[in-house]
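Asks: Below is the structure I would like to discuss, written out as structure tokens.
The values are calculated or read from the model by the stated rules, or taken from the named source; none is laboratory data. Quantities reported herein were computed from a predicted structural model and do not represent experimental measurements. When we count neighbours, we look across all protein chains shown, and the Cβ atoms used for this are built from the backbone with ideal geometry, even at glycine. Note: accessible area is taken over every heavy atom of the protein model, side chains too, but ligands, DNA and RNA are not part of it. Shrake-Rupley method; radii C 1.70, N 1.55, O 1.52, S 1.80 Å.
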Amino acid sequence: MSKNEPTTRSSTEIDPTRSDLDNFLADMMATKKSDVAGSGRLIFALDATMSREETWDMACQLQGDMFKTVASIGGLNVQLVYYRGLDECRASRWVTDPVKLANLMTKIKCNAGHTQIGKVLAHAKRETGLLKVAAAVFVGDAFEEDADEIVPLARELGQLNMPVFMFQEGDSRSVERVFREVAKASGGAYCRFDDGSADQLRELLKLVATFAVGGVAALAASKSADAVKLLSQLK
């Protein structure tokens, strides 16, 4: 992610505004060859607004399982993308070390704000344009944007063969409708997990990581109920 302020910025671009995390993020973005050796590239996107505080802490604990699950079939490169506040949306560099990713996540505190899913999808499009990204996973509980602007972005990702896995926390029907549309338009899949369900979210993240490294064949080989559910939605 560029540190420079673009001369023009659309509503879907990641905001480069500086914050207290800049020094840490700068270190995270200092790419090293040893950190990009994995074979699968996965964008791990999270809503970091205040309503997600408990789930953010849970995700910090569970993200390491994504790496462990795919260790036997190949490496995993993960880029963390998160948004919070009124206009802050940031991305880390690509990492293959779960400890480094956990260190970054634990330094991020949830702040009140609005959803910025459009920025996440636009960023994903730019990343896979530079070097193929196998998939993106998004975990959130709200949607406060214009679906007519967001769904076309998801469709563009589908045309680039980059499915988006939308994981919804909570039971909002309006959020579910849009999350399902995003997943379908991108060729991805939608799942809802229960509030505080660490085991369920852990399994979902493992499955997406497996898909990012080994594709549909690796996902099918897992033979879990959640894998069957995801496979039934993938194009």
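Asks: Restricting to region 93-135, count the residues that are under 24 Å from Phe179 (Cα atoms) and hydroxyl-bearing (Ser, Thr, Tyr).
Replies: Qualifying residue count for the region: 2.
Asks: Does region 209-232 contain any residue that is touching an Asp or Glu at 6+ places or on another chain (Cβ under 8 Å), under 15 Å from Asp47 (Cα atoms) and either open to solvent by 20 Å² or more (accessible area, probe 1.4 Å) or polar (S, T, N, Q) (or both)?
Replies: no
Asks: Just wondering, is there one or more residues in region 43-54 that are surrounded by 15 or more Cβ atoms within 10 Å (Cβ to Cβ), at pLDDT 70 or above and over 27 Å from Glu144 (Cβ atoms)?
Replies: There is no residue in region 43-54 that is surrounded by 15 or more Cβ atoms within 10 Å (Cβ to Cβ), at pLDDT 70 or above and over 27 Å from Glu144 (Cβ atoms).
Asks: While we're here: Please find, within region 170-225, the residue that is modelled with the lowest pLDDT out of those that are part of a helix (DSSP H, G or I) and of a type in the set (Ser, Thr, Tyr). Full working, then the answer.
Replies: Here is the first cut: in region 170-225, the ones part of a helix (DSSP H, G or I) are 173-186, 198-222, 225.
Pick out the ones that are also of a type in the set (Ser, Thr, Tyr) and you get 174, 186, 210, 222.
Working: Ser174: 95, Ser186: 96, Thr210: 84, Ser222: 76.
This residue is Ser222.
Asks: If Phe167 passes every condition in (1) open to solvent by less than 50 Å² (accessible area, probe 1.4 Å); (2) in a helix (DSSP H, G or I) but one, which one does it miss?
Replies: The number of the failed condition is (2).
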